[in-house]
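The values are calculated or read from the model by the stated rules, or taken from the named source; none is laboratory data. Just so we're clear, the structure is a prediction, and the values are computed from it rather than from any experiment. A quick note on method: Cβ atoms are made from the backbone with ideal geometry, for glycine too, and the neighbour counts reach across all protein chains shown.
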Amino acid sequence: MAVYHQMGHHSNNLIDLPGMSAYAGAIFSAINCTETEAAEQISEVRDTKKGFEIVFDPQLYVPASDRGKLKKWPYFPKDVDTADLSAATWWSELNTKLASVCQKLKVDTVCSPVVIPRVFDDKYYSNSTRVGTELVSLFKRRDINVLQTALVNMAELASSDRALEIGSIISQTGAERIYLV
């Protein structure tokens with residue numbers, strides 16, 4: 001199983017440490033840097049770590065009080081806290097903008113966008129899976145992979161039946177891998 005380094009604030013300097021050789025890649029987070037800063041960090045990693053997977057996490061699931069530099073990214077929706085999140089067009093527009101950013105950054109992989117729902121129900125998990133599958137289709141002819149983000153309520157995982165139900169819904173994704181948050 002591959003292990004990835006979740007890049008934190010100014011942790012790009014850790015990439016070159018000998019212990020990092022065990023990692024398959026790094027997950028770059030939009031919360032800690034601007035698009036320009038991320039592009040520079042990704043370029044540095046590309047120059048020093050051949051075969052190291054560059055993953056981008058759009059991080060829409062962080063609380064409004066802790067969004068750091070997210071609002072400066074061109075894909076970040078200004079209405080994320082007030083929009084009708086059941087509207088497919090809202091997610092399609094977001095996916096299109098996110099795809100554009102990922103192409104500019106030249107990442108290998110992107111995590112599908114998700115938000116923290118009011119209720120963790122089947123409808124939420126189904127919508128998350130639909131959004132991830134749509135993102136996969138946007139990258140069909142490009143060399144960028146998609147990780148289906150599964151933002152899961154930990155309390156629900158305590159019930160083996162519910163964990164299986166959630167797994168059944170999320171496994172419907174068009175993505176080949178899942179990023180569990």
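Filtering the stretch 55-86 to residues that are among the hydrophobic types (A, V, I, L, M, F, W, C), farther than 23 Å from Thr36 by Cα and in contact (Cβ under 8 Å) with a residue 40 or more places away in the chain leaves only Leu85. Among the residues making up the stretch 70-109, those that are in contact with an Asp or Glu (Cβ under 8 Å, 6 or more places away or on another chain) and under 15 Å from Phe28 (Cα atoms) are Trp73, Val101, Lys104, Leu105, Asp108, Thr109. Test Tyr75 against the stated conditions and say whether it is within 20 Å of Leu151 (Cα to Cα), of a type in the set (Ser, Thr, Tyr) and in contact with a Lys or Arg (Cβ under 8 Å, 6 or more places away or on another chain). So Tyr75 passes the test. Cβ-Cβ distances below 9 Å connect the following pairs, each with a first residue in the stretch 107-133 that is free of Cβ contacts under 8 Å to residues at least 24 places away in the same chain, a second residue that is among the β-branched types (Val, Ile, Thr), and a separation of six or more residues or different chains: Tyr124/Val114.
Would you call Gln148 in contact with a helix residue (DSSP H, G or I) (Cβ under 9 Å, 6 or more places away or on another chain), polar (S, T, N, Q), in contact (Cβ under 8 Å) with a residue 24 or more places away in the chain and surrounded by fewer than 16 Cβ atoms within 10 Å (Cβ to Cβ)? So Gln148 fails the test. Residues that are farther than 24 Å from Ser112 by Cβ and at pLDDT 65 or above within the stretch 1-35 comprise just one, Ala22.
Surrounded by fewer than 19 Cβ atoms within 10 Å (Cβ to Cβ), out of contact with any strand residue (DSSP E or B) (no Cβ under 8 Å at 6 or more places or on another chain), within 30 Å of Asp47 (Cα to Cα) and of a type outside the set (Phe, Trp, Tyr): which single residue out of Gln172, Gln103 fits that description? The match here is Gln103.
Of Asp122, Asp79, Asp108, all but one fail to be surrounded by fewer than 13 Cβ atoms within 10 Å (Cβ to Cβ) and farther than 21 Å from Leu164 by Cα; the exception is Asp79.
Restricting Pro63, Pro58 to residues that are of a type outside the set (Val, Ile, Thr) and loosely packed, with under 13 Cβ neighbours inside 10 Å narrows the list to Pro63.
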